[in-house]
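We did not get these values from a lab; they are worked out from the coordinates using the rules stated. Here the structure is a predicted model, which means the values were calculated and not measured. Don't worry about glycine lacking a Cβ; one is built from the backbone with ideal geometry, like all the others, and counts go over all protein chains shown.
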Amino acid sequence: MRMDQPRRRLSPPLALALLVLLAGPLALAVVPRLLRPPALHGLELQGSKPAADIALTAAGGRTVRLSDLKGKLVVLYFGYTFCPDVCPMTLAKLAQARSLIGAPAADVQVVMVTVDPERDTPELLHRYVTNFDPTFLGLSGTPDDIAAAATALGIYYRKHEGSAATGYLVDHTATTLVLDRQGIPRLIFPPDQESPEIAADLRVLLGR
């Protein structure tokens, strides 16, 4: 009785070489596009070291370090609950982006660190961020803790006088930082980045 021979699979380089031989000039135009990595919408960073391992406080008094979140993409944003515009807009976009990603979004952790620790207790921050998405994580701490975390990650913030209703407002860096599964900074999203673009970039990083 004759046994069927197992099929051999071509390695990707050999398959591309065969494509060039069979298709000729047409393949020469296609192959570079196959080899080119997907273009990203956010600002891509080329670092090789993990971000500073900040340690802050979540609801219930739990201490959370960035290193605790390794294995997931960490989408890190500094803001505050009294923020009148850019903070809720950013969190809404991040929530929509996670929804667009679907099931793989289980490996995306959005973290908001307050720049207003005098008002934003861990419990208040938890209620605020989970209104946008129940998986979002809010972190607070002492003013010194927040200052140290912001400095380590290159975040600027400053209090200034507001209205009678707000008492004061906080100017702050409004970009969003994305850390890969090893905690290495990979992307920065500006405040006007749209949800579909954010979702597309996160899908690319999830696949790396």
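By the gyration tensor of its Cα atoms, with a ≥ b ≥ c the square roots of the eigenvalues, what is the shape of segment 127-178: rounded for a/c under 1.5, prolate for a/b over b/c, or oblate?
Since a/c reaches 1.5 but b/c is at least a/b, the shape of segment 127-178 is classed as oblate.
A Cβ-based charge dipole, computed about the Cα centre of segment 115-208 with Lys and Arg at +1 and Asp and Glu at -1, lands at about 300 debye. In this calculation the C-beta distance from Ser48 to Lys72 is compared with R0 = 25 Å, giving a FRET efficiency of 0.85.
Centre-to-centre separation between the Cα atoms of segment 75-118 and those of segment 154-208: 8 Å.
What percent does the relative contact order of segment 41-151 come to when contacts are Cα pairs within less than 8 Å and at least six residues apart? Don't skip to the answer; put the middle values down first.
On the way: 152 pairs, mean separation 34.2, N = 111.
Dividing the mean separation by the residue count of segment 41-151 yields 31 percent.
Each of Arg65, Arg203 has some number of other Cβ atoms within 10 Å of its Cβ, and from fewest to most they run Arg65, Arg203.
Each peptide in 128-134, 110-116 receives the mean, over its residues, of other Cβ atoms within 10 Å, and ordering these scores from highest gives 110-116, 128-134.
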